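Below you'll find the structure, written out as structure tokens, and then a few comments.
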Amino acid sequence: MTGLPPVTDRATWQKARDELLVREKAHTREGDAIAAERRRLPMVEFDGTVEVVGADGPVPFLELFQGRDELVVYKHMWWDGAPHQGQCEGCTQIPWHFDDASYLNVRGVSFAFVTTGAWDEVAPFVEFMGYRQPWYSVRGVEGPAGDEMGYLTCYLRDGDRTFLTYETTGRGTERVNGSLGLLDMTARGRGETWEQRPQGWPEARHGGWFWRTNADGEPSWGEDSRPAAQWGRPGAGPVTTLGRQGHCH
């Protein structure tokens, strides 16, 4: 097998591991410092009475807080008219990795998913995927309650007043995907072209190459593929068309 780390004794390995640990601890402390600055950001007030559509029909955005003071939302991209397998593979892996908000709830934070898809399309997708967290359509909603999809967004409420406090950009959503964190700990990593990789490692592929597979579990972005998590769902049969407009990763 090509691309193997050098073999050494445990003491030499431990020395190298301890040297790396110094950098890892510094990275952790810097992350704590950034989080502190994040808590000092100003916030933007918006109309929390704007209506979104969920399983119980139209409700004001304020309902997403479920009576709690804080709310975290993942904004899921949507391809109108696409079948389940044609929906965004990047967005699909986020709710699959986070489907229980118990600890957030105890901390006084609610969690929900929103998307620009029409509810009559979104509801069957949510049922097929087996998602347990609340979903809402924000189709036509402007401002902080809607805006661009593909991000994690944080909100705060003060009585009936609602505020945007933080939102991620790009790779900021990775913190929800525990699989990526585990892959980053492995010798081979994610196998993506942007990574720094030792000489001789297996050839890397484009970002998110393993988010879609065919029925045999082989990475594929053709019309025989669907987001990897979907293959375990009841009724996930052979794929005949993606029905999507483009890559989302």
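Please rank V114, V52, fewest neighbouring Cβ atoms within 10 Å first, as an exposure proxy. Write out the running numbers ahead of the final one.
On the way: V114 28, V52 23.
With the fewest neighbours first, V114, V52 line up as V52, V114.
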GNM on the chain, C-alpha springs below 10 Å: top fluctuator among T193, T153, T168?
T193
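Just to confirm the filter: which GluC sites (Glu not before Pro) across region 181-218 are DSSP coil and have at most 12 other Cβ within 10 angstrom of their Cβ? List each step's numbers first, then the result.
Details: sites: E192, E195, E203; in loops: E195, E203.
Those satisfying the criteria are E203.
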Quick one: if you stick a label point 7 Å off each Cα along the C-beta vector at D160 and F128, how many nm between them?
4.0 nm
With a 10 Å cut-off between alpha carbons and a GNM built on the chain, which of V239, V106, V73 moves the most?
V106
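With the Cα gyration tensor of region 163-249 giving a ≥ b ≥ c as the square roots of its eigenvalues, does the rule (a/c under 1.5 for rounded; else a/b larger than b/c for prolate; else oblate) give rounded, prolate or oblate?
Values: a/c = 1.91, a/b = 1.17, b/c = 1.63.
Since a/c reaches 1.5 but b/c is at least a/b, the shape of region 163-249 is classed as oblate.
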Go ahead and set up a Gaussian network model of the chain, Cα springs under 10 Å, then flag whichever of R39, R68, R29 fluctuates most.
R29
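For n ≥ 4 DSSP H runs only, could you compute -39500 (n - 2.57) per run for the chain, divide by its residues and tell me the 222 nm figure to the nearest 500?
On the way: 5 runs with 63 residues, N = 249.
For the chain, the value works out to -8000 deg cm²/dmol.
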For region 44-172, list log₁₀ I(q)/I(0) at each q in 0.15 Å⁻¹, using the Debye formula over Cα point scatterers of equal strength and ignoring solvent, two decimals each.
-0.65
I want to check the label-to-label distance for R40 and V22. Put each point 7 Å from Cα in the C-beta direction and report it in nm to one decimal.
2.9 nm
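Go through region 99-164 and name the trypsin sites (Lys or Arg not before Pro) that are in a DSSP coil and have 14 or fewer other Cβ atoms within 10 Å of their Cβ. All intermediate terms of the calculation are to be shown ahead of the outcome.
On the way: sites: R107, R132, R139, R157, R161; in loops: R107, R132, R139.
Here the sparse-neighbourhood loop sites are R107, R132.
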Where a ≥ b ≥ c are root eigenvalues of the Cα gyration tensor, a/c under 1.5 meaning rounded, otherwise prolate if a/b exceeds b/c and oblate otherwise, region 9-58 counts as oblate
May I ask you to derive the relative contact order of the chain, considering only C-alpha pairs under 8 Å and at least 6 residues apart, and to give it as an integer percent?
23 percent
Quick note on M77, M43, M185, ordering by fewest other C-beta atoms within 10 Å, gives M185, M43, M77
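Quick check: from the Cα gyration tensor, does the chain come out rounded (a/c under 1.5), prolate or oblate? Kindly include the intermediate steps, with their values, before the conclusion.
Working: a/c = 2.49, a/b = 1.29, b/c = 1.94.
Cα axes put the chain in the oblate bin.
Where a number appears in this text, it was derived from the coordinates with a stated rule and is not lab data. Nothing here was measured: the structure is a model prediction, and the numbers come from that model. Glycine gets a Cβ as well: all are built from the backbone with ideal geometry, and neighbour counts include every protein chain shown.
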